[in-house]
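Have a look at the structure below, then the notes.
The values are calculated or read from the model by the stated rules, or taken from the named source; none is laboratory data. The model shown is predicted, which means the values in this text are computed figures rather than measured ones. Glycine also receives a Cβ, built like all others from the backbone with ideal geometry; neighbour counts cover every protein chain displayed.
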Amino acid sequence: MLSLITMADASGPEVDQGALLRYLAEMMWFPTAWLADYIQWESIDAHSAKATLRHAGLTVSAVLHFNEDGLVAQVTAERYWDENGKFALRKWSGRVEDYREAGGMRIPMKVDVLWHLDTGDFSYFRAEITEIEYNV
């Protein structure tokens, strides 16, 4: 019954860019993925670095902002936002906190993902990881 109603239907390079950018940001829960050959790192300053991921003809970049302990506190990027059927690049970020050990790694347990729009910040996704298990 639910398959009779289309909730969302989007495709194209802008959607692909958003998906790849989200993958890059979500690597914080699988930090060894940041060691992949297809990611290039560039130091910005003592508390931030730019990660550029290239895959299947697409290139996305995000800036990782580190706290005093060297842990990612925020990820920022330019991501496509759908404005009345037209895509426009807008500032997008994920703020993370509450690091704990899981699978021998320290990962953030809380995230707040936001669009930074002309009308103000729009927090559209908040999550808390209560349990995670890695394939070994």
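For the range 66-76, which positions are part of a strand (DSSP E or B) and either buried (at least 17 other Cβ atoms within 10 Å of the Cβ) or on the phi > 0 side of the Ramachandran plot (or both)?
The answer is VAL72, ALA73, GLN74, VAL75, THR76.
So, ALA56, is that one small (Gly, Ala, Ser) and at pLDDT 95 or above or not?
Considered against the rule, which asks whether it is small (Gly, Ala, Ser) and at pLDDT 95 or above, ALA56 comes out as no.
Any chance you could count how many residues in the range 95-122 are within 17 Å of the chain's Cα centre (by Cα) and outside any strand (DSSP E or B)?
0
Just need a number here: residues in the range 79-102 that are within 24 Å of THR119 (Cβ to Cβ) and either surrounded by 15 or more Cβ atoms within 10 Å (Cβ to Cβ) or touching a residue at least 40 places away in the same chain (Cβ under 8 Å) (or both).
The qualifying residues number 10.
Any residue in the range 77-90 that is assigned to a strand (DSSP E or B) and either in contact with a Pro (Cβ under 6 Å, 6 or more places away or on another chain) or closer than 14 Å to MET27 by Cα (or both)? Let's see the steps before the verdict.
Taking the range 77-90 as the starting set, the residues that turn out to be assigned to a strand (DSSP E or B) are 77-83, 86-90.
After this cut, where a residue has to be either in contact with a Pro (Cβ under 6 Å, 6 or more places away or on another chain) or closer than 14 Å to MET27 by Cα (or both) as well, the list is none.
Among the residues of the range 77-90, not one is assigned to a strand (DSSP E or B) and either in contact with a Pro (Cβ under 6 Å, 6 or more places away or on another chain) or closer than 14 Å to MET27 by Cα (or both), which makes the answer no.
From the list THR119, THR59, THR32, which one is within 26 Å of GLU133 (Cβ to Cβ), exposed (fewer than 14 other Cβ atoms within 10 Å of the Cβ) and of a type in the set (Val, Ile, Thr)?
Exactly one residue qualifies, and that residue is THR32.
Of all residues in the range 23-55 being touching a residue at least 12 places away in the same chain (Cβ under 8 Å) and assigned to a helix (DSSP H, G or I), which is nearest to the chain's Cα centre (by Cα)?
ALA25
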